[in-house]
Amino acid sequence: GDSVTQTEGQVTVSESKSLIINCTYSATSIAYPNLFWYVRYPGEGLQLLLKVITAGQKGSSRGFEATYNKETTSFHLQKASVQESDSAVYYCALSGVSSGSWQLIFGSGTQLTVMP
Amino acid sequence: EAAVTQSPRNKVAVTGGKVTLSCNQTNNHNNMYWYRQDTGHGLRLIHYSYGAGSTEKGDIPDGYKASRPSQENFSLILELATPSQTSVYFCASGTGGSGNTLYFGEGSRLIVV
């Protein structure tokens, strides 16, 4: 079936260090999946961080970037130097049409804590 | 100026009681969604709507009803709340389509005792 996997439930990084949050997907019934990263800051709702709709392309926002890799079915989120304000929950998601209906499937989320 | 607002933000309900979670959006989006989010799970779709008067079942609709009386409002109704429905609920709006972005409310935390 279609699914999104985030292997790390929690990640702790020191400020100014680099970050990778892993995301892999399976899109067996969605022909042309679009990939997203949403972020939930404390006390707020989820908001779009970045999205990529074409395989091979890279999306970027607020210093974060992710590349849609169709070969490895991955969409890892990276940042070269994190800040304390990046502490939040990050959700990877994929969307597309399956059997004539639109699907949006979320991963389980990764809680990022940035230590000062 | 939040475009998607939910109420109540926090609710404690008794088992067997009726709970209504309300959502209002000012984005003028046709589509609205209700999700629940539990530790270790991604957001799971409960019900959604394509417009006023329309409600559709999502992936986990059992035990929930939905109502879309207007473009702006979308409610989630638990007629007989159970402890397994303890969760955080998110409402979202969107334009529809494969690449569309969803706009979420801040979430409603429900505890059923």
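What follows draws every value from the coordinates through simple rules; no lab data is involved. Since we're looking at a predicted model, the values are computed, not measured. Cβ sites come from the backbone with ideal geometry, for glycine too, and all protein chains shown count toward neighbours.
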(Q) If the reach is capped at under 19 angstrom between alpha carbons, list the aspartates and glutamates near B:LYS11, excluding any in the same chain fewer than eight residues apart. (A) A:GLU44, B:ASP38, B:GLU79, B:GLU106
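Dipole size in debye (nearest 20) for chain B around its Cα centre, Lys and Arg Cβ +1, Asp and Glu Cβ -1? Mind showing how you got there, number by number?
Working: 9 positive and 8 negative charges, 43 e Å.
For chain B, the charge dipole is close to 200 debye.
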Q) Using a Gaussian network model of chain B with C-alpha springs under 10 Å, which one of B:LEU76, B:LEU102, B:LEU21 is most mobile by mean-square fluctuation? A) B:LEU102
**Q.** Top of B:ASN28, B:ASN73, B:ASN100 by mean-square fluctuation, Gaussian network on chain B, Cα under 10 Å
**A.** B:ASN100
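Please list the three semi-axes, largest first and in whole Å, of the ellipsoid equivalent to the protein assembly as shown, using sqrt of 5 times the eigenvalues of its alpha carbon gyration tensor.
On the way: eigenvalues 171, 88, 50 Å².
Semi-axis lengths for the protein assembly as shown are 29, 21, 16 Å.
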Q) Using a simple spin-label model with points 7 Å from Cα along the Cα→Cβ vector, what separation in nm is obtained for B:THR39 and B:THR82? A) 2.1 nm
Q. Using modelled amide H (1.01 Å from N, peptide plane; none on Pro or chain starts), what sits under 5 Å from the amide H of A:LEU112, excluding residues fewer than 5 places away?
A. A:VAL11, A:ALA88, A:VAL89, A:TYR90
Q: Would you list which lysines come within 27 Å of B:LYS18, measuring only between C-alpha atoms, while excluding same-chain residues fewer than 8 positions from it?
A: B:LYS57, B:LYS65
Q.
Let me check I have the definition right: for chain A, take the eigenvalues of the Cα gyration tensor, multiply each by 5, take square roots. What are those semi-axes in whole Å, largest first?
A. 25, 14, 12
Q) Using 7 Å Cα-to-Cβ label points, what is the A:LYS70/A:GLN10 separation (nm, one decimal)? A) 3.9 nm
Q | Longest exposed-site-free window of chain A, the sites being trypsin sites (Lys or Arg not before Pro) in a DSSP loop that have at most 15 other C-beta atoms within 10 Å | A | A:71-116
Q) So how strong a dipole does chain A carry about its Cα centre when Lys and Arg Cβ are +1 and Asp and Glu Cβ are -1, to the nearest 20 debye? A) 200 debye
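Tell me, Kirkwood radius of chain B from alpha-carbon pair distances, in Å? Write out the running numbers ahead of the final one.
Numbers: mean 1/r = 0.0721 Å⁻¹.
About 13.9 Å for chain B.
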Q) Can you tell which of B:ASN73, B:ASN27, A:TYR68 lies farthest toward the positive end of the dipole of the protein assembly as shown, using +1 and -1 charges on the Cβ of basic and acidic side chains (Lys, Arg; Asp, Glu)? A) B:ASN73
Q: Please report, in debye to the nearest 20, how large the charge dipole of the protein assembly as shown is about its Cα centre when each Lys and Arg carries +1 at its beta carbon and each Asp and Glu carries -1 there.
A: 180 debye
**Q.** Highest-fluctuation residue, B:ALA92, B:ALA81, B:ALA66 considered, GNM on chain B with Cα pairs under 10 Å
**A.** B:ALA81
Q. Under a point spin-label approximation (7 Å from Cα along Cα-to-Cβ), what is the A:GLN83-A:ARG62 distance to one decimal in nm?
A. 1.0 nm
